[in-house]
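Since the structure comes first, as structure tokens, the remarks are kept for the end.
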Amino acid sequence: MGFNLILWYHPNLVLAVLLLFSCSFGLFSANDEVGTGQGETFTVSSFSYPETRLRPFDLRYIRVDLPPWFSALSIALKSDVDIDISRIERVPIRTLPIICFRDGSPPLPDALNTSLKHSATSGINGLDVEQCFPMQKNITMKLTNNQISPGVWYIGLFNGIGPTRTQSKMIIRGPSYSFIANISVEACTNSMMRGDFCNNTVYPLSCEASDVSNALETKVNKSVLENLVTCKSNSEAFCVHEGVPNFFSLDIMNVAEEIIITATNIRFNVTSSNDVSLMCFFRHGAMPSVNSNDYSIDIAKSPLVIHSPLIGRWYISIVPLNLTKTQVSNVRVCYSVESQVLQCPLGKAGPNCIMESYLLQTFVRRGSTPFESYYLPVGGASYDSANFPLEPLLKNSSYIGESDNIWTYFLLDIPRGAAGGNIHIQLSSDTKIGYEVYARFGGLPSLDIWDYYYANKTMRSDPSMFFTLYDSSDTKVNFYIMYAREGTWGFGLRHLNSNGDSIKGLNIMSISLERCPKRCSSHGDCKFSFDASGLTSYSFCSCDRNHGGFDCSIEIVTHQGHVRQSIFLIVSNAAAILPAYWALRKKALAEWVLYTSSGISSGLYHACDVGTWCALSYNVLQFMDFWLSFMAVISTFLYLTTIDEVFKRAIHTAVAILTALMAATKATRSSNVILVIVIGALGLFVGWLIEISTKYRSLSFPIGISFNFSHCFQTIKRWLYNLVKTLLRRYHLAFALAGFTALAMAAISWTLETSESYWFWHSIWHITIYTSSFFFLCSKANIEDSEATHPTDGDYELTHQDSLPRSG
């Protein structure tokens, strides 16, 4: 939640500020000590990411570090995505490739409620929150230090989002795309220069301990004054014309209670009675302007006071107005800028430093996942677990002032590279929880300034992907801050009913950094990976077949649906009985063993795949299913040949080795289906060649080349006629056509398979592929009976001659 303090004066004054500031932003005179030309820059870092392919539901993160003195970030991405932005709503979100940007931690676009109609090049500006856009073929952008803040930025590329992205799938099919990225960071050669063209001089305010003014001493607690730091520019005064801004920078290194910006020694270079206006624009992390600022005020009238400022670098812009009303030309206003940073002593925080503040120490958990840790108060009693009682920490809280505005603060640090982790907050009580929890990055929270908060069941942060509430009752609160930014976090407990039962009861708090929220809700496995640069680890849930979402809490497949899918995928393998029965009837024992084993292994594999029961390990069952399926298809082709068993065993052995390699390496490739059919057809062709070479050796062919084309044509015609006659004699045409029809249906069902409809179409695949094998087996005629009923002319003549009566 941002906090913007705007003090509005007369509308004409606002219009004048807007006009003068925009016109004079890059045009300053030499007398004002600001350059007019384009400043020099140098390349801080430049990364070129090689071509990367994102399969369906894949993602990639790219981390970009921007130093405080950077001037511009250049991004160039090229991909093979071809999407019409005007028709983006027609593309299902589960297949939509998108690109996201986020400051401080990796983006999570799965629960975005914003529209994705705009392109990245036209819609990106002021990335204060996560922004996502449809991926395009070419994306080129340049973001300056006037648009974005220094620090860590993350670019996320996703091929489909939504709850099904983390769901484990039996098959993953869909469009893929590849991208190439070039990212470079530039900085101004002169460390005091900023702006789009490094042509704005920024004067740093140097800080040191100083004496306290009488006016401030009467307003502020004495303990605060002991830690007062005054920051001033090295120049005594700045004299500028109307509308010409001066820029300053102020570094806040630790948690501060208050910043006061004042303008002193305001005077004109000539005698004038005009009341000058010095519009001050204050912004964290980036150069301020009239339209882009966090705070604004006329500091010639009153100082700018900022409570609980964020840690980091602040930029100040001061623009003088109302100078041209005098008749004296070349009038300029002179002023000095001073800031006072009020810090509380150690262990204190809040207004006038009357609240308690505790620094939390990190305790790293032992395990294989990186950056898992929990936090306990420094210097307190020894704790046996990650939980710590609040009563010993709250008893010193001061109740001076408003009873409903009593706070206890906790500070912790998220280490560098751990932005892919999640902060887990738990609060419990044996009576009733009497506290509200507020969280803020880079500073202390309050009722007006916070990033996330929980007050009760109805008052809390808006539900989003980055704030997830799991338990909300009178006695227990349990929520996560997803993908927390690396750096300092401040947590505040606001006391309710200071005289009630919450003080008397036992209150337990726990703060930890975990990899996956709620341990993936016991419906998946927590895994982690690294971004493209290898500098940041991020965690994610790999959910089971029935659940999805970032924490596996969304039920995608109901229990009834799971039972239905299991029955279809397992029972459909009973179709293997058809070819197994026919093979056993024809005493083809090798084929019978293959079909029977293939049906059984496929049923066991799918029973394990849907999460019903695993007889062996998943990898073993998958290998057996694919290998035996490949062998069954090829054996069907080999069965149609009539070659000797010696040759058939040799071909079977070679095919077994080849299909085993296919099943062991990328068995789920779609191309394997075509490859297996090709191998089977090739085996059938080789079998025919062997048969021709062994049974028709007596056939003689003329050595010479005959030029009698009529005779050649008749020979080819007769050969083709005999071939067709032989095929019709050896195979039943009706069964063969039925087999090809079932095989075509199997191919169609294979192509129709998607992640959502896999269970149905793959069950149809089981039935049709086994049925096609059954029809092909039935299409083979009994060769011996067929040839016995069609004897050759020579055999018939010999029989006829032997039947003549013989004379002695």
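Structural remarks
- Among the residues of segment 136-156, those identified as under 12 Å from GLY104 (Cα atoms) and either hydroxyl-bearing (Ser, Thr, Tyr) or in contact with a Cys (Cβ under 8 Å, 6 or more places away or on another chain) (or both) are SER149, TYR154, ILE155.
- Residue in segment 65-79 that is under 21 Å from THR536 (Cα atoms), out of contact with any helix residue (DSSP H, G or I) (no Cβ under 8 Å at 6 or more places or on another chain), open to solvent by 40 Å² or more (accessible area, probe 1.4 Å) and modelled with pLDDT of 90 or more present: yes
- Counting the residues of segment 114-151 that are open to solvent by 20 Å² or more (accessible area, probe 1.4 Å), at pLDDT 80 or above and over 25 Å from SER176 (Cβ atoms) gives 6.
- For segment 490-510, the criterion of a residue being outside any loop (DSSP other than H, G, I, E, B), under 29 Å from SER755 (Cβ atoms) and among the acidic types (Asp, Glu) is satisfied by no position.
- Of all residue pairs spaced 6 or more apart or on separate chains, those with beta-carbon atoms under 6 Å, a first member in segment 67-81 that is within 16 Å of TYR177 (Cβ to Cβ) and a second member that is open to solvent by 30 Å² or more (accessible area, probe 1.4 Å) and outside any loop (DSSP other than H, G, I, E, B) are LYS78/ASN138; LYS78/ILE180.
- Test set (1) in a loop (DSSP other than H, G, I, E, B); (2) at pLDDT 85 or above; (3) of a type in the set (A, V, I, L, M, F, W, C); (4) open to solvent by 20 Å² or more (accessible area, probe 1.4 Å) - ALA286 fails condition number: (4)
- Members of segment 311-345 that are more than 25 Å from SER289 (Cα to Cα) and modelled with pLDDT of 85 or more: LEU342, GLN343, CYS344, PRO345
- Number of the condition not met by GLU591 [criteria: (1) touching a Pro at 6+ places or on another chain (Cβ under 9 Å); (2) free of Cβ contacts under 8 Å to residues at least 60 places away in the same chain]: (2)
- The residues on offer are ALA574, ALA681, ALA583, and the sole one that is at pLDDT 90 or above and loosely packed, with under 14 Cβ neighbours inside 10 Å is ALA574.
- Matching residues, segment 164-209, being surrounded by fewer than 15 Cβ atoms within 10 Å (Cβ to Cβ), more than 23 Å from the chain's Cα centre (by Cα), at pLDDT 85 or above and within 26 Å of TYR154 (Cα to Cα): THR189
- Once segment 594-609 is narrowed to residues that are within 14 Å of SER773 (Cα to Cα) and not small (Gly, Ala, Ser), the residue that is surrounded by the fewest Cβ atoms within 10 Å (Cβ to Cβ) is THR596.
- Test: residue in segment 541-549 that is surrounded by fewer than 16 Cβ atoms within 10 Å (Cβ to Cβ), out of contact with any His (no Cβ under 9 Å at 6 or more places or on another chain) and not in a helix (DSSP H, G or I): yes
Residues are listed down the side, and each one gets a yes or a no for (1) under 27 Å from THR558 (Cα atoms); (2) out of contact with any helix residue (DSSP H, G or I) (no Cβ under 6 Å at 6 or more places or on another chain):
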| residue | (1), (2) |
| --- | --- |
| SER597 | no, no |
| ILE600 | yes, yes |
| ALA607 | yes, no |
| ALA615 | yes, no |
| LEU628 | no, no |
| SER635 | no, no |
| LEU638 | no, no |
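- Among the helices (runs of 4 or more DSSP H) confined to segment 743-808, the ones with at least 2 residues that are at pLDDT below 85 are located at 783-789, 793-802.
- Restricting attention to segment 413-471 and to residues that are over 28 Å from the mean Cα position of the chain (by Cα) and assigned to a strand (DSSP E or B), the residue that is surrounded by the fewest Cβ atoms within 10 Å (Cβ to Cβ) turns out to be SER428.
- So ILE643, is it closer than 23 Å to TRP765 by Cα and touching a helix residue (DSSP H, G or I) at 6+ places or on another chain (Cβ under 7 Å): no
- One residue from MET253, MET287 being in contact (Cβ under 8 Å) with a residue 40 or more places away in the chain, of a type outside the set (Ser, Thr, Tyr) and within 21 Å of ALA349 (Cβ to Cβ): MET253
- Any hit, segment 101-113, residues being open to solvent by 60 Å² or more (accessible area, probe 1.4 Å) and at pLDDT below 90: yes
The values are calculated or read from the model by the stated rules, or taken from the named source; none is laboratory data. Keep in mind it's a predicted model, so treat the numbers as computed, not measured. Glycine gets a Cβ as well: all are built from the backbone with ideal geometry, and neighbour counts include every protein chain shown. Side chains included, ligands, DNA and RNA excluded: accessible areas come from the protein's heavy atoms. Shrake-Rupley method; radii C 1.70, N 1.55, O 1.52, S 1.80 Å.
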